Amino acid sequence: MTAQIIDGNALSKTLRADVAARAAALTARGQQPGLAVILVGDNPASEVYVRNKVKACQDNGLHSVFDRFPATLTESELLTRLDDLNNDPNVHGILVQLPLPKHIDSHKVIEAIAPAKDVDGFNVENAGALMTGKPLFRPCTPYGVMKMFEAHNIALEGANAVVIGRSNIVGKPMAMLLLEAGATVTITHSKTRDLAALTRNADVVVAATGRRNILIADMVKPGATVIDVGMNRDDNGKLCGDVDFAGVKEVAGFITPVPGGVGPMTITMLLVNTIEAAERAMQQDRD
Ligand code: GUN
């Protein structure tokens, strides 16, 4: 069996057309949706991610504010800037790229973003809303993965789903969204005793660890859906995910490639969340 490839670029193109139409409608009513992106320091991977986020805004009719600060920025300077952005009516979404330099407390920074503008969905209020089944913003990467299941009619109700990785950015919210969709969810991590025994019983596997080849062919149930959130470099410096793509695609039913899988979906869902924030702000102004 050769798996069907889930093409994140193609799906993003369709979803971004809808984003652009909604952005144009808001702009026509006098409120162009706006995203503020903050990068602190010079992590090369973060620079690429942030550049792609800002470009995606420009390409789809959203206004973007890009703040690039040196690694020497103090925590209180960053908090002051967030306060300004929280109060700026032309900014509907705020994203502080993680990781932050060590002298800055990321938890404090995430909590300083107004929940209504927290388009990453990372602060305690938004994480709690997701956990209790009333999400305001779904975190972008897991939200993008859910859109991939939807686009390919992959049934989640009653499915056994294994999430590999327990980060606040991907693993934990992914598990919550799968649970909300009726899957039986197992979260695994570096201390899990027998990962293969769990994945072999899974209809859906989402790998989000940052470790190459965490999932190989003999760990996968024939016909399963395999989603690769990893972003790593192989020995030749080529981009690759957490999954042994060449081997697993011969066993799985559906699989996402790296690049061209989950990556573009993360940015697409950031745009969607920003549009939703702007639409809510406009609605509130009218109430
Ligand atoms: N770093 C890695 N992924 C993300 C993300 O989705 N949002 C932010 N803010 N930082 C990240």
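General remarks:
- Eligible lysines near Lys221 by straight Cα distance, threshold 16 Å, same-chain separation 8 or greater: Lys249
- In segment 243-287, the alpha-carbon atoms span a convex hull of 71 Å³ per residue.
- For the options His92, His107, His189, a Gaussian network treatment of the chain with springs between C-alpha atoms closer than 10 Å singles out His107 as fluctuating the most.
- In segment 102-261, Cα pairs under 8 Å separated by at least six residues give a relative contact order of 15 percent.
- For segment 264-271, Karplus couplings with θ = phi - 60° (6.51, -1.76, 1.60), whole Hz, Gly/Pro x: x, 5, 4, 5, 4, 6, 5, 5
- Neighbour-count order for Asp59, Asp287, Asp235, fewest beta carbons within 10 angstrom listed first: Asp287, Asp235, Asp59
- Exceeding the 18 Å Cα-Cα cut-off - candidates Lys13/Lys147; Lys55/Lys108; Lys102/Lys172: Lys55/Lys108; Lys102/Lys172
- When peptides 27-34, 278-285 are ranked by their average number of other Cβ atoms within 10 Å per residue, the highest-first order is 27-34, 278-285.
- The Kirkwood radius of segment 23-78, taken over pairs of alpha-carbon atoms, gives through the Stokes-Einstein law at 4 °C and 1.567 mPa s a diffusion coefficient of 104 µm² s⁻¹.
- Hydrodynamic radius of segment 148-287 per Kirkwood, over alpha carbon pairs, in Å: 15.9
- Restricted to Cα atoms, segment 103-218 shows a radius of gyration and a Dmax of 15.0, 45 angstrom.
- Kirkwood Rh (inverse of mean 1/r, distinct Cα pairs), segment 49-128, angstrom: 13.4
- Binning the C-alpha pair distances of segment 1-49 at 10 Å intervals from 0 yields a P(r) profile of 19, 24, 34, 18, 4, 0 %, listed from the shortest bin outward.
- When only the Cβ of Lys, Arg, Asp and Glu is charged (+1, +1, -1, -1), the dipole of segment 189-276 relative to its Cα centre reaches about 180 debye.
- Distant-in-sequence amide H partners of His63 (H built 1.01 Å from N, under 5 Å): Gly34, Leu35
- Listed residues Gly263, Gly237, Gly144, most fluctuating in the chain (Gaussian network, C-alpha, under 10 Å): Gly237
- Charge dipole of segment 1-154 (Cα centre as origin; +1 on each Lys and Arg Cβ, -1 on each Asp and Glu Cβ, all else neutral): 500 debye, rounded to the nearest 20.
- Using just its DSSP H runs of length 4 or more, each adding -39500 (n - 2.57), the chain gives a mean residue ellipticity at 222 nm of -13000 deg cm²/dmol after division by all residues.
- Bridging of Lys53 to aspartates and glutamates at a Cα separation below 18 Å is possible for Asp18, Asp42, Asp67, Asp118, Asp120, Glu276, once same-chain residues fewer than 8 apart are set aside.
- On Cα atoms only, tilt of 171-180 relative to the major axis of the chain in degrees: 80
- A simple rule links phi to the HN-Hα coupling: the Karplus curve 6.51 cos²θ - 1.76 cosθ + 1.60 with θ = phi - 60°, which for segment 133-141 gives x, 10, x, 8, 10, 8, x, 4, 5 Hz, with x for Gly and Pro.
- Cubic angstrom per residue, convex hull over Cα atoms of the chain: 132
- Relative contact order %, segment 203-287, counting alpha carbon pairs below 8 Å whose residues are six or more apart: 28
We did not get these values from a lab; they are worked out from the coordinates using the rules stated. Computed from a predicted structure; not experimentally measured. Backbone-built Cβ (ideal geometry, glycine too); neighbour counts: all protein chains shown.
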